[in-house]
C-alpha cells in the first residue's frame, strides 16, 4: 500500500496522470480545487474545508488526485455530454477503499467517536471544466460503517485555471 501510494504521489507530483508518457506527465497541469465538505453522521452535521489537487490525461482518460490530508486517489475518467467540458471520475479499487476510510475518519472526528470500519458505499465525482481552465468538482458519497451507520459526504469545490495555481 505504501509503495502504490508513493508511486501515485510521484505521478501527481510529476504533474502527470497515471499511465501517461513521461513527456505528457511533465506538461499535464495540476488543477487546485477548494471548498467545503458537508459531513453527516450519527446525528451530527458539520461543514469542513476540503482541498483537492487534480491532474489528468484527457487522452488516456486517467487521473490522479491528492487531498489536503495527502491521501492519493487514482482512477479513470469518462466524458459526459457532447461539449467535452464535463467528466465523471471513477476511483480505482484501492482508491475507493482509501476514500471510504477517509470519509469515515472525517465523520468520526466530527462526531467525536472512534473511526468506524467502512463496509460499503458509493462515490460520485463530477468534474466540469470551463474554456478558461477554471472548473468545479462535485463529490457525493455515502459510506456504510459498523458503528456510525451511513455517513454522507458532499463537497462542492471550485477551481482556478491551472496557470493561476502553479508556483
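Within segment 110-137, can you find the residues that are more than 13 Å from residue 54 (Cα to Cα) and assigned to a strand (DSSP E or B)?
First, the residues of segment 110-137 that are more than 13 Å from residue 54 (Cα to Cα): 110-124, 130-132.
Selection gives 118, 119, 120, 121, 122, 123, 124.
Could you grab me the full set of residues in segment 35-74 that are more than 20 Å from residue 95 (Cα to Cα) and outside any loop (DSSP other than H, G, I, E, B)?
Of everything in segment 35-74, those that are more than 20 Å from residue 95 (Cα to Cα) and outside any loop (DSSP other than H, G, I, E, B) turn out to be 35, 36, 38, 40, 41, 44, 45, 46, 47, 48, 49.
Looking at (1) touching a strand residue (DSSP E or B) at 6+ places or on another chain (Cβ under 8 Å); (2) surrounded by fewer than 17 Cβ atoms within 10 Å (Cβ to Cβ); (3) closer than 20 Å to residue 124 by Cα; (4) modelled with pLDDT under 80, which is the only condition residue 85 fails?
All conditions are met except number (4).
Can you find a residue in segment 94-104 that is over 12 Å from residue 143 (Cβ atoms) and in a strand (DSSP E or B)?
The answer is no; no qualifying residue exists.
Residues 158, 164: which one is at pLDDT below 95, outside any loop (DSSP other than H, G, I, E, B) and surrounded by fewer than 22 Cβ atoms within 10 Å (Cβ to Cβ)?
164
Let's see how each residue does on (1) in contact (Cβ under 8 Å) with a residue 60 or more places away in the chain; (2) buried (at least 19 other Cβ atoms within 10 Å of the Cβ); (3) within 21 Å of residue 36 (Cα to Cα); (4) touching a helix residue (DSSP H, G or I) at 6+ places or on another chain (Cβ under 8 Å):
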residue: 104; (1), (2), (3), (4): no, yes, yes, no
residue: 118; (1), (2), (3), (4): no, yes, no, yes
residue: 126; (1), (2), (3), (4): no, no, yes, no
residue: 131; (1), (2), (3), (4): no, no, no, no
residue: 139; (1), (2), (3), (4): yes, yes, yes, no
residue: 142; (1), (2), (3), (4): no, no, yes, no
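The values are calculated or read from the model by the stated rules, or taken from the named source; none is laboratory data. Predicted model, so just to flag it, every value in this text is computed and none were measured. Cβ sites come from the backbone with ideal geometry, for glycine too, and all protein chains shown count toward neighbours.
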